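Asks: Provided herewith is a single structure, encoded as structure tokens, for subsequent inquiry.
None of the figures in this text is laboratory data; all of them are computed from the coordinates on show. Just so it is clear, the model here is predicted, and its values are computed rather than measured. Here the Cβ is made from the backbone with ideal geometry for all residues, glycine too, and neighbour counts use every protein chain on show.
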Amino acid sequence: MQIPRIKNYKEGNKQDFSIYSQSLEVYFQEKYNFLQLIGDVLVGIFFVTGSILNFFAITDFYGNIAYLLGSLSLTIRPLLKILRKTWIYRRK
């Protein structure tokens, strides 16, 4: 069994990537949008987990941690958008 590899594609401003192994390749368009969607799914998972854990008194602490992780994820998302649209160049 071969370890999957990552291949990057760049055309202008567009950055795509694919993960491939011997017989399968999965292609993702716009790498940063894909990562943003993964982050959105994680935020949803954190808040659903927090909601379920807060139903029971024993797991209140863990529910609050899940809410905190969801809130931090919501804060990180706009920061990633800012970083994605920011370019730093060396002046000549």
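Asks: Within segment 65-86, can you find the residues that are more than 29 Å from Ser18 (Cβ to Cβ) and either loosely packed, with under 13 Cβ neighbours inside 10 Å or touching a Cys at 6+ places or on another chain (Cβ under 9 Å) (or both)?
Replies: Leu68, Leu72, Thr75
Asks: Across segment 3-18, what is the number of residues that are farther than 10 Å from Glu30 by Cα and not hydrophobic (A, V, I, L, M, F, W, C)?
Replies: Residues flagged as farther than 10 Å from Glu30 by Cα and not hydrophobic (A, V, I, L, M, F, W, C) within segment 3-18 amount to 7.
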